[in-house]
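Enquirer: One structure is given below, represented as structure tokens, and several questions about it will come after.
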Amino acid sequence: MEKSLRYISISHKTASVAQREVFHIPKEEKKDLVAHIRETFPDISGLLLLVTCNRTEIYFESVTTPAVAIRNLLINTKFPNSGMETSHLFKCGNTTEKTVLHLLEVSSGLASSVIGDVEIVHQIKKAYHFSMELKLQGSLLERAMQTVFKSHKRISNETLFRDGTTSIAYKALKVIDHTYAKTSKEKKVLFIGAGDIVMQLFKYNSKFNFKNIYVSNRTKEKAIALATKHHAKVYDWDKVLRNDFHGFDVIVGAASNCADLVKNIPIVRTDPMLLIDLAVPCNINKDLSRNESVLLYDLDTISMDLENTKGKRMAAIGKVHEIIAEELSVYIEWLQKAPLRAFLAEYKILVNQKVMHYFETDSGEYDSQMVKMVTDRIIRKVKRRTNPSISVKEMDTVIAEQVSFL
């Protein structure tokens, strides 16, 4: 059997925020999960964990391990002895072609909650760097990543699909702007966390210019670095843990692995307090939405309640699908030639040895450049054959022909 690239996926398309957060993999758990997968399924040679606020996906190379086996391992690891059926929340793919197609649709933003989201390709790149650190890139996965980045470049250059900004962070800031209208610039805003989403919030704030921003994080040095860079203020993490949010108009939760961090808020207000939860698991307790003085948005509602994707992005979808189909075709062609590449790699060693013998002098020396040139000629000739197999006798004849040309 040949090795295949396979995947499992739980995302906003198959599960709610509450369901997704059960299978979220925090950064500090990733290496242990990878080790557990490799120990359980030793035939896996390449593996990538893609974990974002909207999806948890595992891509892996294997000869015999099916996708459902990885799915069941993840369910048993994250949700043991629950007795609840959760397998229906996952999509699975067992063929390389299906897996690469899924990866291209995800990386392009076609499968994002906000269609065309450009941040996903950067998250995929970070996930791949993690795989490379563990020496788990694998040949099929490595080629798939090259296809992803080439497709991303083509989509950016050949379509209008990347025009405009529609990331979750941008939309969160737009909610603040819409909620408070003319007074939004002066509202007291707290960003909880210091990861990618908070960095995006600061990045896009240049378009909104909210002036009274605080940032809080478990690691105070990270909060100080962000606050210094973006002219914000630092809010003490202990106060966040005590739920001391007096004076704040907006709280944006984006801290990793901090479920129900925000449970209590000041209840005496003249205007609504805005809570925006961009974290998985959720930072903000959903019971707070029962308070009439609170407006609560989570990852699902923030995408649904805001403006539809721009028309020019929708018009570009057809072209994006064309690019994906073309790049997938190139990948499949590369995949189909894998047996020939393997044959030629072994065959080239044998050819090289025979050519060396042809040019070897009595003293045992030979012209290395001449040997390389003749070897490469022969390999090119073999590549043009419909059937790459060639006997030793035929090889000797081809070598003699090439030498006679010199």
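Values in this text are rule-based calculations from the coordinates and carry no lab data. Just so it is clear, the model here is predicted, and its values are computed rather than measured. All Cβ positions, even for glycine, are placed from backbone atoms using ideal geometry, and neighbour counts span all protein chains on display.
Enquirer: How do the peptides 193-201, 324-332 rank, highest first, by the average count of neighbouring beta carbon atoms within 10 Å per residue?
Expert: 193-201, 324-332
Enquirer: Taking the Cα centre of region 1-160 as origin and charging only Cβ (+1 Lys, Arg; -1 Asp, Glu), how large is the dipole, in debye to the nearest 20?
Expert: 200 debye
Enquirer: At a Förster distance of 22 Å, what's the computed FRET efficiency of D43 paired with K153, Cβ-Cβ distance as r, to 0.05?
Expert: According to the calculation, E is roughly 0.05.
Enquirer: While we're on this one: Rank-order 108-114, 295-301 by packing density, defined as the average count of other C-beta atoms within 10 Å over each peptide's residues, highest first.
Expert: Ranking the peptides 108-114, 295-301 by packing returns 108-114, 295-301.
Enquirer: What FRET efficiency do you get for Q336 and D244 if R0 is 45 Å and r is their Cβ-Cβ distance, rounded to the nearest 0.05?
Expert: Rounded to the nearest 0.05, the efficiency is 0.15.
Enquirer: How big is region 174-233 on each of its three principal axes, counting only the C-alpha atoms and giving the largest first in Å?
Expert: Computed over the Cα atoms, the extents are 34, 18, 17 Å.
Enquirer: Let me ask another. Any idea what the dipole of region 168-305 comes to, in debye rounded to 20, about its Cα centre with Lys/Arg Cβ at +1 and Asp/Glu Cβ at -1?
Expert: Dipole size: approximately 500 debye.
Enquirer: Return the tail of the calculated pair distribution for region 168-305, meaning the percent of Cα-Cα pairs more than 17 Å apart.
Expert: 54 percent
Enquirer: Could you sort 5-14, 219-228, 273-282, 93-102 so that the peptide with the highest average Cβ count within 10 Å comes first and the rest follow in order?
Expert: With the highest mean Cβ count within 10 Å placed first, the list reads 273-282, 5-14, 93-102, 219-228.
Enquirer: Search the structure for amide H atoms under 5 Å from the amide H of V262, placed 1.01 Å from N in the peptide plane, and list their residues when 5 or more places away or on another chain.
Expert: I284, N285
Enquirer: So which of K348/K372; K185/K211; K239/K263 end up more than 18 Å apart, counting from Cα to Cα?
Expert: none
Enquirer: Once the piece of chain linking T14 and K222 is laid out straight, how much longer is it, given 0.36 nm per residue of separation minus the C-alpha distance between them?
Expert: 71.5 nm
Enquirer: Express the Stokes-Einstein translational diffusion coefficient of region 1-47 in µm² s⁻¹, to the nearest whole number, given a Kirkwood radius over alpha-carbon pairs, 25 °C and a viscosity of 0.890 mPa s.
Expert: My calculation gives 192 µm²/s for D.
Enquirer: Can you give the relative contact order of region 173-328 as a percent, counting alpha carbon pairs under 8 Å and 6+ residues apart?
Expert: 19 percent
Enquirer: Using a Cα-Cα cut-off of under 18 Å, which lysines could be cross-linked to K31, ignoring same-chain neighbours fewer than 8 residues away?
Expert: Hits, sequence-local ones excluded: K78, K125, K126, K135.
Enquirer: Then there's this: Hey, rough spin-label estimate for F359 and F208, points 7 angstrom out along Cα→Cβ, what's it come to in nanometres?
Expert: Here the answer is 6.7 nm between the modelled labels.
Enquirer: With point charges of +1 on the Cβ of Lys and Arg and -1 on the Cβ of Asp and Glu, referenced to the Cα centre of region 168-305, which listed residue (L278, I251, A225) lies farthest in the positive direction of the dipole?
Expert: A225
Enquirer: Each residue of region 179-190 in order: what ³J(HN,Hα) in whole Hz does its phi give by Karplus 6.51 cos²θ - 1.76 cosθ + 1.60, θ = phi - 60°, with x for Gly and Pro?
Expert: With coefficients 6.51, -1.76 and 1.60, one gets 5, 10, 6, 5, 9, 4, 5, 9, 5, 8, 10, 10 Hz.
Enquirer: Identify the GluC sites (Glu not before Pro) of region 1-90 meeting these criteria: DSSP loop state and at most 11 other C-beta atoms within 10 Å of the C-beta.
Expert: Answer in residue order: E2, E85.
Enquirer: Which Cα, out of A181, I197, A144, lies furthest along the positive dipole direction of region 124-200 (beta carbon charges, K/R +1, D/E -1)?
Expert: It is A181, whose Cα lies furthest towards the positive end.
Enquirer: Can you tell me the length gained on complete extension of the stretch A35 to S139, counting 0.36 nm per residue apart and subtracting the Cα distance?
Expert: Full-extension gain reported as 35.5 nm.
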